[in-house]
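First up is the structure itself, then whatever we jot down about it.
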Amino acid sequence: MDFTELREAIEEVELVDGHAHNIVALDSTLPFIRSFSEAEGDALSYAPHSLSFKRNLRHIAELYGSELSLQGVEEYRRLSGLQSISSICFGAARISAILVDDGIEFDKKHDIEWHKSFAPVVGRILRIEHLAEKILDQLPNGGAWTLDTFTETYLEKLNWFPYICVTVANQIFGLKSIAAYRSGLEINTNVTRKDAEEGLSEILSAGKPTRIMNKSFIDYVFTRSLEVALCFDLPMQIHTGFGDKDLDMRLSNPLHLRMLLEDKRFSKCRIVLLHASYPFSKEASYLASVYSQVYLDFGLAVPKLSVHGMISSVKELLELAPIKKVMFSTDGYAFPETFYLAAKQAREVVFSVLRDACIDGDLSIAEAIEASKDIFAQNAIQFYKINLSLGSKHTVTPNSMKIKTSASHNDVSLVRIIWVDGSGQHRCRVVPSTRFNNVIKKNGVGLTFASMGMTSFADGPADETNLTGTGEIRLIPDLSTKFRIPWKKQEEMVLADMHLKPGEAWEYCPREALRRVTKILKDEFNLEMNAGFENEFFLLKSVLREGKEEWMPVDSTPYCSTSAFDAMSPLLQEVVVALDSLNVTVEQLHAEAGKGQFEMALGYTACTYAADKLVFTREVIRAVARKHGLLATFMPKYALDDIGSGSHVHISLYQNGENVFKASGGTSQYGMSTVGEEFMAGVLHHLPAILAFTAPVPNSYDRIVPNTWSGAYQCWGKENREAPLRTACPPGIPDGLVSNFEIKSFDGCANPYLGLAAIVAAGIDGLRRHLSLPEPVDTNPDSLADKLRRLPASLSESLKALRNDSVLTDLIGEKLLVAIKGIRKAEIDYYSKNKDAYKQLIYRY
């Protein structure tokens, strides 16, 4: 069975979040680790060892491009600010409406109005116990509370809420009870006046702040609230199943609600059993199947359980319950990441559940698609009577427009389908959005074989690539990379994979080449390579000389010049905002030493994502520069008498979410682990051949010369910026340890997927052969020129090294390597005959 349409429907649906809580300020006393667990106190220290913690931390680190650790994510949050991370999380979650239970007294929580920036509709769920406690904390006019004065005040406020809530952000969409936390779900809807009075007396005698724990009084408040809910046709949400340790799980089984559900006075009062009633999901499913007024919500169970637990819980809900009665919510609270995680996991879990239902014969594909829309949005819209048009006046902040499917497709006219060819150039096909949605995203767009064989100087395939105008592939959009274009709001862009036909990868596809070698690294060594790029580029302005246009640097200021940054600040700020909207993290930027040169360092992430983010970064910088009347170029040596531009990349290794490049559990000669040294030794050993990927044009070698911090000799050093490989110890890493190594000989003409694939392949060889590093060079390598091996000084030399490197050929793929060698040979031949032709590279890179 083909589940493509089901997956697309689930990915594209805008979610309605029927139950959530307030977000808190970054300086709240609530620890961020609470976003991963219901535990508190000492029990919280064990949370990092749970399956859900490890999975959810990984998802957040990938979203942010941060270091894969709790500390790394927390540092990213601190540096980015709450507005930025909220925009990222809600943008990725794609939520159209949020109903907020604001009855939890978090430290420094934001009011409901604040949340309007992140969803078109934001409404309120009124927690009845919280309202009652607030009333009892105040003194009545008579000086002391009686049951009558409390009831009068409580009902007056409860009845008045629907009339005073005139804005969407304050509108009451339902009531909620946490009786399960206080006295359990065996609610007596016929509490006597005497029992209620005695209960109130017991509560008042306990002092303030008021905490309602007496069962009789809780049941009394619950029953009176149901009466109001009936009057206004408001649903009642009820906490069921698991929660924090205040809860007695024995009393949170929804089967205890039988007296309430059998009370004919309330048979028309719609009840929502929250949290999938886990671990009582089957019981909840039964109740929803036999009581017309019972509905189900699986927030909290997703994403707090393991993958198996989440899938099992949702499957159990659907064993008996009608699909029209099952609803999504995030149960997001305090931290915007909880909303993102719930949305992400819910999409994956519901897809898995509905796919299995189709395989089992319970549903057809069409029925499963309809079910997904019901569960994620339509059921809640009808149940809570949400009018999404009410939120049309509220806009999502620009930073949230970073989603693989936009909040609205209506105003998108064109979609750019982007790929990077064998010469490292970005190219695109553009299709109308209607055609993209109806045809292209499933079947792709045709492209000639020759497109992967083009060079930096001609739009035709190079000889000896075996790629010609005969034969066609399909560019298949990777929908996870689909974004609104920040500088062209009515267009979107998406990165593409190359397939011979949908589902069959083409062996020349650069993205697939990187996936292949990273899979080998994972399968053989259980390792993942993370990468972070530093992009250097020149900003040029147009001048006329003797009637001819020339491009000149925008300034002549020195390294890290404040005046240079000040002059370009409007452009650079626009770049950073645009990248943020594409989920690309900028960690640092400054003026570089070249005339008109700047550097922008990106966040650290898995190498496959790092390559994607580098492509988007180049696109943004060039586009924003054009908007400002300038030309941005990443070419390696724009001016032969000035320094060059690189695209340095920092590399580390991760295993089970931990950085295993650095040494641990003992001493290390170089501050790195054994696997770290072996991997880096492999890269150093194969570096001459790697240059054919990372320094792919003859102009690249005008940059890689001694005394320019570009790495001209085959060596490595500790914090030695003249070495091509440099181990780094950034702030926060203990002295003597290194967390990553930098490769200097990587430039802006390189196809990032192929460059990283070559690095991974070399590292794999180092691990397989247990290679060791030579002694580090702690001085200028040029002073040791007679003892060190010079790296290739030309593309011809690196191409020769690649031809002699069978390891890279075997791991990356022989046919792809034949094409790369053909392109490089053509580059060598052309530029050797046309000495000034390199100047045209500013228009291509």
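The values are calculated or read from the model by the stated rules, or taken from the named source; none is laboratory data. All values derive from a computational prediction rather than experimental measurement. As a convention, Cβ positions derive from the backbone with ideal geometry for all residues, glycine included, and neighbour counts pool all protein chains shown. We work out accessible area using only protein heavy atoms, side chains counted, and drop any ligands, DNA or RNA first. Shrake-Rupley method; radii C 1.70, N 1.55, O 1.52, S 1.80 Å.
Things worth noting here:
- Options TYR701, ALA564, LEU204, ranked by Cα towards positive dipole end of the chain, top entry (Cβ charges): TYR701
- Spatially, region 620-658 and region 800-845 are offset by 20 Å when compared through their Cα centroids.
- Rounded to the nearest 20, the size of the Cβ-charge dipole of the chain about its Cα centre is 1440 debye, with Lys and Arg at +1 and Asp and Glu at -1.
- Positive end of the dipole of region 10-55 (Cβ unit charges, origin at the Cα centre): among GLY18, THR29, PRO48, the Cα lying farthest that way belongs to PRO48.
- Tilt relative to the chain, helix 752-769 - C-alpha long axis, 0 to 90 degrees, to 10: 90 degrees
- Distance (nanometres) between label positions extended 7 Å along Cα→Cβ at SER45 and LEU26: 2.9 nm
- For region 83-150, relative contact order (Cα pairs under 8 Å, six or more residues apart, normalised by length) works out to 31 percent.
- Shape summary of region 556-693, radius of gyration then Dmax from alpha carbon positions: 18.0, 55 Å.
- In this simple spin-label model, placing a label point 7 Å from the Cα along the Cα-to-Cβ direction at both LEU230 and ARG626 gives a separation of 6.6 nm.
- In region 43-133, GluC sites (Glu not before Pro) in a DSSP loop with at most 14 other beta-carbon atoms within 10 Å: GLU105
- The string of couplings for region 302-312 from the Karplus curve (6.51, -1.76, 1.60, θ = phi - 60°) is 10, x, 6, 8, 5, 4, 4, x, 5, 5, 4 Hz, one whole number per residue in order, with x for Gly and Pro.
- Debye, to nearest 20: dipole size of region 90-145, +1 on Lys, Arg Cβ, -1 on Asp, Glu Cβ: 300 debye
- Take the Cα of ARG58, go 7 Å toward its beta carbon, and the backbone nitrogen atoms of region 640-673 under 11 Å from that spot belong to 655-658.
- Per-q log10 I(q)/I(0), the chain, q = 0.04, 0.06, 0.10, 0.11 Å⁻¹ (Debye; single scatterer per alpha-carbon; no solvent): -0.21, -0.46, -1.07, -1.23
- Nearest 10 degrees, 0 to 90: helix 70-80 Cα axis against the chain principal axis: 90 degrees
- Region 685-782, dipole about Cα centre (Lys/Arg Cβ +1, Asp/Glu Cβ -1), debye to the nearest 20: 260 debye
- Considering only GLN293, SER372, PRO279, and ranking their Cα positions along the charge dipole of region 262-381 that arises from unit charges at the beta-carbon of Lys, Arg, Asp and Glu, the one farthest toward the positive end is GLN293.
- Restriction of the GluC sites (Glu not before Pro) in region 473-554 to DSSP coil positions whose beta-carbon has at most 13 other beta-carbons within 10 angstrom yields GLU546.
- The Cα center of region 316-364 and the Cα center of region 252-284 differ in position by 20 Å.
- Fraction in percent of alpha-carbon pairs per bin - 5 Å, region 213-335: 2, 11, 21, 23, 20, 14, 7, 2, 0
- Region 638-772 shape via C-alpha gyration tensor axes, a/c threshold 1.5: prolate
- For region 376-388, Karplus couplings with θ = phi - 60° (6.51, -1.76, 1.60), whole Hz, Gly/Pro x: 7, 8, 4, 4, 5, 4, 6, 5, 8, 6, 8, 9, 5
- Separation of region 532-564 from region 724-763 is 27 Å, based on Cα centroids.
- Average accessible area per residue (Å²) across the chain - probe 1.4 Å, nucleic acids and ligands excluded: 39 Å²
- Of the accessible area of the chain, computed with a 1.4 Å probe over protein heavy atoms only, carbon and sulfur atoms account for 51 percent.
- Sites excluded, trypsin sites (Lys or Arg not before Pro) in DSSP loops with at most 15 other C-beta within 10 Å, longest stretch of the chain: 386-720
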